[in-house]
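S.K.: Can you keep this structure in mind? I'll have questions shortly.
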Amino acid sequence: MSHWTPTQVGGHAVCGLLARSLETHCPAGFVPARMTADLFRPVLNAPIEVRSEVVRQGTRITVADASIVQDGEVRTRASAVFLTTGPEPAGRMWSPEADLPVPSEGCVSPDGAPPLFKSGDREWTHDFAANQNADRKTSWHSLPPLVDGEPISPFQRAAVLGDTTNHVCHWGSHGAGYINTDMTLTLSRLPVGYELGLRAENTVTSEGVSIGTATLYDRTGPLGTCVVTALSNGRRQIDFAR
């Protein structure tokens with residue numbers, strides 16, 4: 001359920017369901033490289049229909065669209081780009097040194113567990129109140145199944161975490177006051193293992209509109225980025241310290 005209201009489904013689950021449908025169109029030898037979800041209407045806590053189709057299938061790139069429909073109305077939509085894998089070109093390129101914090105092995109159950117959070121240089125903790133501050137946020141997750149009785153796939157894990165970029169980028173000293181209207185996930189590879197981390201990289205705000213960017217990673221290193229566009233929702237601000 002959404003933190004904003006119990007009558008709606010959380011954006012993280014919505015993105016996971018869209019990814020679940022989109023990945024059925026990923027050809028053999030391809031990987032999901034980009035997913036964008038437009039969250040323009042709330043998805044209600046009611047029966048959900050997910051529709052998807054291939055827009056273009058080629059030898060190196062495949063594109064698919066998906067949407068969630070309730071009562072005959074499209075509530076949200078998404079697109080995905082699947083690319084072929086292959087050898088990397090010759091030469092060297094600049095890339096930043098990855099200094100991504102990871103908690104101790106075995107800190108979360110492979111069957112799903114409450115998230116861990118880290119503010120700045122502080123220790124990892126499950127305590128929401130201890131992380132309600134203006135420091136840089138990092139989160140660590142082991143997700144339960146998205147659909148009951150069905151194991152969650154690596155792409156679904158990444159899509160669910162992509163939406164929580166809003167949380168790590170827009171969780172401040174008074175709680176969460178921005179609601180994201182979209183989510184774009186980019187992946188150079190799929191996650192390895194059942195754990196995923198998300199670290200806030202940048203937040204740019206002006207007149208109630210904010211862009212949040214985060215790095216998605218696992219215990220082997222970074223695997224992609226997540227970007228959300230968010231709108232001020234201060235009248236319904238979520239206080240996680242309560």
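The values are calculated or read from the model by the stated rules, or taken from the named source; none is laboratory data. Everything numeric in this text was worked out from a predicted model, so none of it was measured. Because the Cβ atoms are built from the backbone with ideal geometry, glycine has one as well, and the counts that use them run over all protein chains shown. The accessibility values were calculated without ligands, DNA or RNA, using every heavy atom of the protein model including side chains. Shrake-Rupley method; radii C 1.70, N 1.55, O 1.52, S 1.80 Å.
S.K.: For region 156-207, name all the residues that are polar (S, T, N, Q) and not in a strand (DSSP E or B).
M.R.: Gln156, Thr164, Thr165, Asn166, Ser173, Thr181, Ser188
S.K.: Looking at (1) among the acidic types (Asp, Glu); (2) in contact with an Asp or Glu (Cβ under 7 Å, 6 or more places away or on another chain); (3) over 27 Å from Arg235 (Cα atoms); (4) open to solvent by 20 Å² or more (accessible area, probe 1.4 Å), which is the only condition Asp182 fails?
M.R.: For Asp182, the failing item is (3).
S.K.: Taking region 56-112 on its own, how many of its residues are of a type in the set (S, T, N, Q), open to solvent by 100 Å² or more (accessible area, probe 1.4 Å) and outside any strand (DSSP E or B)?
M.R.: 1
S.K.: Which members of region 1-19 meet the condition of being under 17 Å from Glu53 (Cα atoms) and either surrounded by fewer than 21 Cβ atoms within 10 Å (Cβ to Cβ) or among the small types (Gly, Ala, Ser) (or both)?
M.R.: Gly16, Ala19
S.K.: Separate question: Here is a list of conditions, (1) more than 19 Å from Val81 (Cβ to Cβ); (2) touching a helix residue (DSSP H, G or I) at 6+ places or on another chain (Cβ under 6 Å); (3) open to solvent by 10 Å² or more (accessible area, probe 1.4 Å), and Leu190 meets all of them except one; can you say which number that is?
M.R.: So the condition that Leu190 fails would be (1).
S.K.: Separate question: Can you list residue pairs whose Cβ atoms sit under 8 Å apart, with the first residue in region 148-176 being in contact (Cβ under 8 Å) with a residue 24 or more places away in the chain and the second being of a type in the set (Phe, Trp, Tyr)? Count only pairs 6 or more apart in sequence or on different chains.
M.R.: Sorted first by the residue in region 148-176, then by its partner, the pairs are Arg157/Tyr194; Asn166/Tyr178; His170/Tyr178; Trp171/Phe240; Gly175/Phe240; Ala176/Phe240.
S.K.: Being within 20 Å of Pro115 (Cα to Cα) and surrounded by fewer than 16 Cβ atoms within 10 Å (Cβ to Cβ) is the filter here, so list the residues in region 220-237 that pass it.
M.R.: Thr220, Gly221 - these are the residues of region 220-237 that are within 20 Å of Pro115 (Cα to Cα) and surrounded by fewer than 16 Cβ atoms within 10 Å (Cβ to Cβ).
S.K.: Moving to a separate point now. Looking at Asp65, is it charged (D, E, K, R) and without any contact (Cβ under 8 Å) to a residue 12 or more places away in the chain?
M.R.: Criteria not met by Asp65.
S.K.: Working only within region 208-222, note down all residues that are outside any strand (DSSP E or B) and under 18 Å from Trp140 (Cβ atoms).
M.R.: Answer for region 208-222, where residues must be outside any strand (DSSP E or B) and under 18 Å from Trp140 (Cβ atoms): Arg219, Thr220.
S.K.: Ok, one more. Can you tell me which residue is surrounded by the most Cβ atoms within 10 Å (Cβ to Cβ) among those in region 118-143 that are outside any strand (DSSP E or B) and touching a residue at least 24 places away in the same chain (Cβ under 8 Å)?
M.R.: The selected residue is Asn131.
S.K.: Under the condition of being part of a helix (DSSP H, G or I) and of a type in the set (Val, Ile, Thr), which residue from region 1-51 is nearest to the chain's Cα centre (by Cα)?
M.R.: Checked region 1-51; the qualifying residue nearest to the chain's Cα centre (by Cα) is Val14.
S.K.: Could you say which residue among Ala176, Ala159 is of a type in the set (A, V, I, L, M) and modelled with pLDDT under 95?
M.R.: That would be Ala176, the only listed residue that is of a type in the set (A, V, I, L, M) and modelled with pLDDT under 95.
S.K.: Now, a different point. Look through region 150-179, keep the residues that are more than 15 Å from Gly16 (Cβ to Cβ) and small (Gly, Ala, Ser), and return whichever of them is surrounded by the most Cβ atoms within 10 Å (Cβ to Cβ).
M.R.: Ala176
S.K.: Now for a separate question. Could you please find all residues in region 101-117 being in contact (Cβ under 8 Å) with a residue 60 or more places away in the chain and in contact with a Leu (Cβ under 9 Å, 6 or more places away or on another chain)?
M.R.: Across region 101-117, the qualifying residue is only Val108.
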